[in-house]
Amino acid sequence: MFNSNSGSSSSSSNSNRVNVPEARAALDNMKYEIASELGINLKQGYNGDLPSRQAGYIGGYMVKNVWPVRRGFSRRNF
């Protein structure tokens, strides 16, 4: 059955965190480049007025561009 101790906890690691500051900056730059390519007006800072569909387009293109790099990395090293 369901165990309340399994699953997410505050002590478990989150694989969505960017641990390298340079990588965070690179991902931010990539986000703004993709937004401009898609014709989406993305501002520095708060973008709460951005429709979720447009935010999803940006995120989807980011995953599409980053995932092959990450897959190739894991194949070579494991």
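The values are calculated or read from the model by the stated rules, or taken from the named source; none is laboratory data. Since the model is a prediction, treat every value here as computed from it, not as a measurement. Backbone-built Cβ (ideal geometry, glycine too); neighbour counts: all protein chains shown.
In table form, for the structure just shown:
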item: Hey, PHE73 modelled with pLDDT under 90 and part of a helix (DSSP H, G or I) or not; result: yes
item: Filtered residue count, region 28-40, keeping only those that are farther than 17 Å from VAL18 by Cα, surrounded by 10 or more Cβ atoms within 10 Å (Cβ to Cβ) and out of contact with any Leu (no Cβ under 8 Å at 6 or more places or on another chain); result: 4
